[in-house]
Amino acid sequence: MQIIKEKATLTEVISKLKSKDSSIGFVPTMGALHEGHLSLIRQAAAVCDVVVVSIFINPTQFDNAIDLDKYPRTLDSDIQKLEELNLNVIGFTPSAAELYSNNIQSEHFQFDGLEHKMEGKYRNGHFDGVGTVIKKLFEMVQPDKAFFGEKDYQQLQIIKKLVQCYQLPVEVIACPINREHNGLARSSRNERLIPKIRLEASFIHETLLKAKDKFGIESANQITQWVENEFKAHPYFKLEYFEIADSETLKPITNDVNGKLVRAFIAVYFEDIRLIDNIALNY
Ligand code: PAF
C-alpha cells in the first residue's frame with residue numbers, strides 16, 4: 001500500500017490514475033481508525049477503483065486546545081489497519097505545514113446558516129476549519145465520490161453545501177452510523193473512555209431511541225424536556241444539547257412537522273470527552 005506525505009507526490013499519483021480513467025473514492029479521516037472508518041473504506045472500495053484515505057488531524061477545526069492535544073494519534077496502527085483491509089487503498093498523511101502550505105488558517109464560509117446551529121453554536125469556528133480542510137483535500141485528491149458517516153450529520157450537510165456552493169465535481173455519499181455492540185456511535189474519542197463508562201455510554205443511543213418512540217405522540221418541547229431531565233439525573237454524562245430539527249435545514253422543529261424529515265441531535269460530555277450522536281425520528 002502506498003503512503004504519501006507530500007502534496008506533489010499525491011498530485012502525480014492522482015493524475016496517473018485519472019489518465020487511466022480510474023475512479024477515485026475518498027475517505028477523509030483524522031486517524032485513530034476504527035470499524036466505522038473501515039466500513040466507509042469498504043463501501044468506497046466496492047464502487048471505486050482506488051480509495052484515498054487521508055489521515056490528518058486538522059488543527060483549524062478544534063476550538064479547544066485540550067481536545068486537540070488529547071485527540072488520539074495512532075498512525076502506525078492506522079496504517080496497519082489499512083494494509084489489513086487488502087483493498088486498493090492509498091494513504092495520504094501530510095503534516096499540517098504541508099497541507100496548509102505553512103499557513104495554518106481557516107477560510108471563512110457561509111453555509112446558509114447551517115454553520116451556526118448545534119455543533120457550530122458550541123464549537124466556535126469548527127465548520128470553517130472543516131470546510132477549509134475538506135475543500136483543500138477535495139482539490140488535492142480530486143475524488144469522484146467522497147464518503148462520510150452520518151454520525152457527524154451536520155458536517156455531512158455542510159460538506160454537501162460546500163460542494164454545491166463551489167460546484168465541486170464530487171458526489172458526497174452519506175453512510176449510516178456505525179455503532180459499537182452497546183449502541184454507542186463509533187468515534188475515535190471513544191478510545192478515551194474508560195471501559196466502564198464506554199459501556200454506560202449506551203445510555204446516549206438508548207435515550208435517542210426512546211425519544212424516537214415518543215415522537216409523534218409528544219411535542220418536540222416535551223421530548224426535549226424529558227431528555228434534559230434524563231441527563232440531569234444521570235451520574236456520568238452531562239448534556240450539552242439535545243435538538244429536534246429538520247434533517248435538511250437543521251432548523252429546530254417546534255410543533256409542525258409538515259411532511260419534513262426530522263432528526264434528533266445530541267452532544268454529551270463525560271469529563272472533557274465530548275460525544276455526539278443523532279437519529280432519524282420519522283423516517
Ligand atoms: O469527521 C472527521 O473526522 C473530520 O471532521 C474530517 C471530515 C476528516 C475533516 O477533518
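The values are calculated or read from the model by the stated rules, or taken from the named source; none is laboratory data. Predicted model, so just to flag it, every value in this text is computed and none were measured. Note: ideal-geometry Cβ built from the backbone for every residue, glycine included; neighbour counts use all protein chains shown. Surface accessibility is based on the protein's heavy atoms, side chains included, excluding ligands, DNA and RNA. Shrake-Rupley method; radii C 1.70, N 1.55, O 1.52, S 1.80 Å.
Only residues that are under 20 Å from the mean Cα position of the chain (by Cα) and charged (D, E, K, R) were counted across the range 69-103, and they come to 5.
Counting only residues that are over 13 Å from residue 141 (Cβ atoms) and either more than 14 Å from the ligand (Cβ to nearest atom) or hydroxyl-bearing (Ser, Thr, Tyr) (or both), the range 13-57 holds 12 of them. Checking every residue in the range 228-243 against the condition of being open to solvent by 80 Å² or more (accessible area, probe 1.4 Å), touching a strand residue (DSSP E or B) at 6+ places or on another chain (Cβ under 9 Å) and at pLDDT 95 or above gives at least one match. Residues that are touching a Leu at 6+ places or on another chain (Cβ under 8 Å) and either β-branched (Val, Ile, Thr) or open to solvent by 20 Å² or more (accessible area, probe 1.4 Å) (or both) within the range 247-269 comprise 248, 249, 262, 266, 268, 269, listed in sequence order. Kindly indicate whether residue 67 is charged (D, E, K, R), surrounded by 13 or more Cβ atoms within 10 Å (Cβ to Cβ) and within 29 Å of residue 244 (Cβ to Cβ). Yes, satisfied. On inspection, residue 47 passes the criterion of being more than 20 Å from residue 132 (Cβ to Cβ) and either surrounded by fewer than 21 Cβ atoms within 10 Å (Cβ to Cβ) or modelled with pLDDT of 95 or more (or both). Report, by residue number, each residue of the range 63-78 that is in contact with an Asp or Glu (Cβ under 9 Å, 6 or more places away or on another chain) and either among the polar types (S, T, N, Q) or part of a loop (DSSP other than H, G, I, E, B) (or both). Within the range 63-78, 64, 72, 74 qualify. Identification of helices (runs of 4 or more DSSP H) wholly contained in the range 123-201 with 1 or more residues that are within 15 Å of the ligand (Cβ to nearest atom) and open to solvent by less than 60 Å² (accessible area, probe 1.4 Å) yields 126-141, 153-165.
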